[in-house]
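Taking it in order: structure first as structure tokens, then the write-up.
The values are calculated or read from the model by the stated rules, or taken from the named source; none is laboratory data. These numbers were taken from a predicted model, which means no experiment stands behind them. Every residue, glycine as well, gets a Cβ built from its backbone with ideal geometry; the counts of neighbours run over all protein chains shown.
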């Protein structure tokens with residue numbers, strides 16, 4: 001056999017690895033995107049991409065704030081297992097829980113397979129401080145700044161794409177942070193909403209309030225929502241520019257694309273609840289999830305809830321790589337190869353004073369509190385979409401209650417204490433001050 005024929009046979013036996021792209025849209029709730037039926041066109045690019053993708057109607061993060069949610073995406077572990085959930089008292093000591101060196105990330109598998117890995121992250125909790133970027137060849141994060149706009153991330157990414165090695169497959173991770181509080185879209189341009197084109201003030205984070213505290217003025221909440229929607233549009237424009245560049249580079253002809261969010265945002269839908277890092281109500285615990293496999297991937301809208309903890313398994317499967325070690329939670333699976341009946345998706349909230357976990361089924365949410373004494377709640381989202389039900393489950397739902405209770409009890413890994421080998425990162429005074437300004441220094445950030 002000639003050398004040329006031998007080379008061709010080698011390529012046929014080992015086809016090139018696909019491009020992998022993971023984009024997280026920080027603080028983006030599904031019901032404020034036209035992809036999910038929102039009346040405002042906050043996401044024209046994503047909506048167009050979704051028409052040729054698998055779009056999950058109910059995607060559930062593993063936690064309601066950035067760090068534990070992203071770590072679960074990168075490990076397939078629940079927060080109880082990876083330990084990256086914050087105690088508020090840690091802020092005063094100058095540190096936050098970080099990834100243990102012992103915790104395996106899917107990026108280590110990609111590195112071993114020869115992937116060139118680039119990361120551009122807009123927020124602090126996806127930065128190098130917490131160990132999430134340890135396997136990347138190049139990365140950009142905010143440093144001592146609180147955040148970076150999507151346009152700045154794109155500028156860096158475009159330069160990194162030009163200098164990348166062309167003989168290696170690419171994994172690109174981007175965390176757009178534009179929609180995070182404070183709510184203030186860039187000035188000096190027109191926006192399609194609100195319809196009257198009002199000049200809106202920048203709205204700082206609305207402090208979490210006790211249920212019996214007086215609510216913020218209605219106009220403050222209205223302006224915050226309008227600014228939030230504008231920020232979603234700016235974020236979508238950055239996403240469009242990124243994918244236009246990837247298309248021009250020819251990187252998407254054979255690619256797996258995952259676009260999702262780490263959590264949503266609350267605007268007082270529950271009394272006194274604003275922002276995130278709160279109990280897993282729907283506005284904060286239902287996020288977009290668009291998965292596209294080129295060429296020829298599925299185009300549909302599965303209705304069953306799925307967990308974002310399946311992201312790692314999906315990326316590794318596309319690259320033909322071995323899965324990460326099994327977690328103590330539900331079995332992880334490739335989002336492009338759904339089981340006939342996916343297990344209920346699990347999301348939890350942990351803080352200094354609260355520990356609450358929820359199993360999200362198609363119709364019912366089962367929640368359990370472990371705050372000294374056990375308490376449980378079943379919400380029928382069909383009959384009670386606002387999640388106001390605060391009484392025992394009706395008789396007709398008791399079978400569902402028993403089933404979900406048993407489901408949770410069968411997953412002991414979900415209620416473990418944090419790993420003893422959990423890492424810790426020390427933050428500087430500038431970073432700590434910025435976190436406190438945004439509500440991460442007290443019970444409001446739980």
Restricting attention to region 371-383, and to residues there that are in a strand (DSSP E or B) and surrounded by 14 or more Cβ atoms within 10 Å (Cβ to Cβ), which single residue is modelled with the lowest pLDDT?
376
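Only one residue in 413, 367 is touching a helix residue (DSSP H, G or I) at 6+ places or on another chain (Cβ under 7 Å) and either modelled with pLDDT of 85 or more or more than 20 Å from residue 56 (Cβ to Cβ) (or both), so which one is that? Step through it out loud before you land on a result.
Numbers: 367 fails: touching a helix residue (DSSP H, G or I) at 6+ places or on another chain (Cβ under 7 Å).
Unique residue meeting the criteria: 413.
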Among helices (runs of 4 or more DSSP H) lying entirely in region 1-94, which contain 3 or more residues that are modelled with pLDDT of 90 or more?
44-50, 66-75
Pick from region 297-316, criterion buried (at least 18 other Cβ atoms within 10 Å of the Cβ) and closer than 16 Å to residue 255 by Cβ, ranking: nearest to the chain's Cα centre (by Cα)
311
Residue that is touching a helix residue (DSSP H, G or I) at 6+ places or on another chain (Cβ under 6 Å) and closer than 23 Å to residue 359 by Cα, where the choices are 62, 34:
62
I'd like the full set of residues that are out of contact with any strand residue (DSSP E or B) (no Cβ under 7 Å at 6 or more places or on another chain), within 23 Å of residue 102 (Cβ to Cβ) and surrounded by fewer than 21 Cβ atoms within 10 Å (Cβ to Cβ), limited to region 118-166.
134
Return yes when residue 101 is within 17 Å of residue 25 (Cβ to Cβ) and either touching a residue at least 12 places away in the same chain (Cβ under 8 Å) or in a strand (DSSP E or B) (or both) and no when it is not.
no
For region 393-405, indicate whether the set of residues that are modelled with pLDDT under 90, in contact with a helix residue (DSSP H, G or I) (Cβ under 8 Å, 6 or more places away or on another chain) and surrounded by 15 or more Cβ atoms within 10 Å (Cβ to Cβ) is non-empty.
yes
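Among the residues of region 240-265, write down those that are within 18 Å of the chain's Cα centre (by Cα) and either modelled with pLDDT under 95 or in a loop (DSSP other than H, G, I, E, B) (or both). Outline the logic, then answer.
Filtering region 240-265 down to residues within 18 Å of the chain's Cα centre (by Cα) leaves 256-265.
Of everything in region 240-265, those that are within 18 Å of the chain's Cα centre (by Cα) and either modelled with pLDDT under 95 or in a loop (DSSP other than H, G, I, E, B) (or both) turn out to be 261, 262, 263, 264, 265.
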Out of (1) part of a loop (DSSP other than H, G, I, E, B); (2) surrounded by 19 or more Cβ atoms within 10 Å (Cβ to Cβ), the odd one out for residue 228 is which?
(1)
Filtering region 36-59 down to residues that are within 29 Å of residue 146 (Cα to Cα) and surrounded by 24 or more Cβ atoms within 10 Å (Cβ to Cβ) yields 42, 43, 46, 59
Filtering region 319-348 down to residues that are farther than 24 Å from residue 367 by Cβ and crowded, with 23+ Cβ neighbours inside 10 Å yields 335
Please go through region 192-213 and pick out each residue that is more than 26 Å from the chain's Cα centre (by Cα), modelled with pLDDT of 90 or more and surrounded by 10 or more Cβ atoms within 10 Å (Cβ to Cβ).
192, 194, 200, 201
Single residue of 347, 358 found to be modelled with pLDDT under 95, out of contact with any helix residue (DSSP H, G or I) (no Cβ under 6 Å at 6 or more places or on another chain) and part of a strand (DSSP E or B):
358
